[in-house]
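Below is one structure; the comments refer to it alone.
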Amino acid sequence: MTTGFEGKVAVVTGGASGIGEACVRAFHGAGAKVLIADLNADAAAGLASELGEGAASVGVDVADADSCQRMVNAALEAFGRLDVAINNAGISTELAPIAQTSTSDWRKVIGINLDGVFHCLKAQIPAMENTGGSIVNIASIMGAVGRTGAAAYVSSKHAVVGLTKTAALECAEANIRVNAIGPGYIETPLLQQATLEAKDQIAALHPLGRLGRAEEVASAVLYLASPAASFITGAYYPVDGGYLAQ
């Protein structure tokens, strides 16, 4: 188990389910105090109650800058500091060609997936400037390649990778490391709604021949946030079963 998180405080957006929940459990299990931030405040509170000591929760809408600042304030009020931030909250929409993508769908995806990370960084960086820290943004394999019918999602994830690199350069002097993870297709509640045939087809896109697990992504996030990765910043790490190697 990765260690080095005793006495540290982490905040995870989208922390009540999927990859976010796996990250929450990984950091809490490694000794960190964790603020679970999610649009579904009840689900976040339920997970915090299950984990018990060292876990707290807050409702957050990452598309709203003030909400993100309140999230960081909640971490400071609950635990007195902020050492790690995992910006995981994100959405996708139904696949559609660019010419058939509505402006509202475009803005909704960009507003959460890109603007949301920006809002979080603006609130998180000042809270770490005196002590240093680590930020991991959850991008996607679609942060490196395109996909037909997913213009907004692909654009947002490419931009998150660029934002990560810029933040890493700006924050280096303050000893704040900023990296991004690029998950492949992961077995999450959203994907569980797909038919078995569709899931098999998606799994076959990966050379390892299966879908990823949220815990596998969380392990990579935990490593990047840990002292073991102290010389890594501005990096984009695929966790994709070989998808991008093709």
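The values are calculated or read from the model by the stated rules, or taken from the named source; none is laboratory data. Bear in mind that the values here come from a model prediction, so they are computed numbers and not experimental data. Virtual Cβ from ideal backbone geometry, glycine too; neighbours counted across all protein chains shown.
Structure summary
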read-out	value
Residues of segment 101-127 that turn out to be over 21 Å from residue 82 (Cβ atoms), under 13 Å from the mean Cα position of the chain (by Cα) and outside any loop (DSSP other than H, G, I, E, B), as a count	2
Where a residue in segment 6-17 is at negative phi and its partner, wherever it lies, is surrounded by fewer than 24 Cβ atoms within 10 Å (Cβ to Cβ) and at pLDDT below 95, with Cβ under 6 Å and at least six apart	17/189
Helices (runs of 4 or more DSSP H) (entirely within segment 128-246) containing at least 1 residues that are within 17 Å of residue 22 (Cα to Cα) and over 13 Å from the mean Cα position of the chain (by Cα)	214-225
Unique match (being more than 16 Å from residue 185 (Cα to Cα), out of contact with any Gly (no Cβ under 9 Å at 6 or more places or on another chain), buried (at least 18 other Cβ atoms within 10 Å of the Cβ) and of a type in the set (Ser, Thr, Tyr)) among 134, 104, 156	134
Positions within segment 137-153 being crowded, with 18+ Cβ neighbours inside 10 Å and in contact with a strand residue (DSSP E or B) (Cβ under 7 Å, 6 or more places away or on another chain), in sequence order	137, 138, 139, 140, 141, 143
Near pairs, Cβ below 8 angstrom, 6+ apart or cross-chain, from segment 55-70 (more than 18 Å from residue 21 (Cα to Cα)) to any residue that is part of a loop (DSSP other than H, G, I, E, B) and not acidic (Asp, Glu)	67/60; 68/60; 68/62; 70/60
Filter result for the condition that a residue is touching a strand residue (DSSP E or B) at 6+ places or on another chain (Cβ under 8 Å) and of a type in the set (Asp, Glu), over 187, 94	187
Among (1) within 20 Å of the chain's Cα centre (by Cα); (2) free of Cβ contacts under 8 Å to residues at least 40 places away in the same chain, the one test that residue 90 misses	(2)
One residue from 195, 233 being out of contact with any Leu (no Cβ under 7 Å at 6 or more places or on another chain) and either in contact (Cβ under 8 Å) with a residue 24 or more places away in the chain or within 20 Å of residue 123 (Cα to Cα) (or both)	233
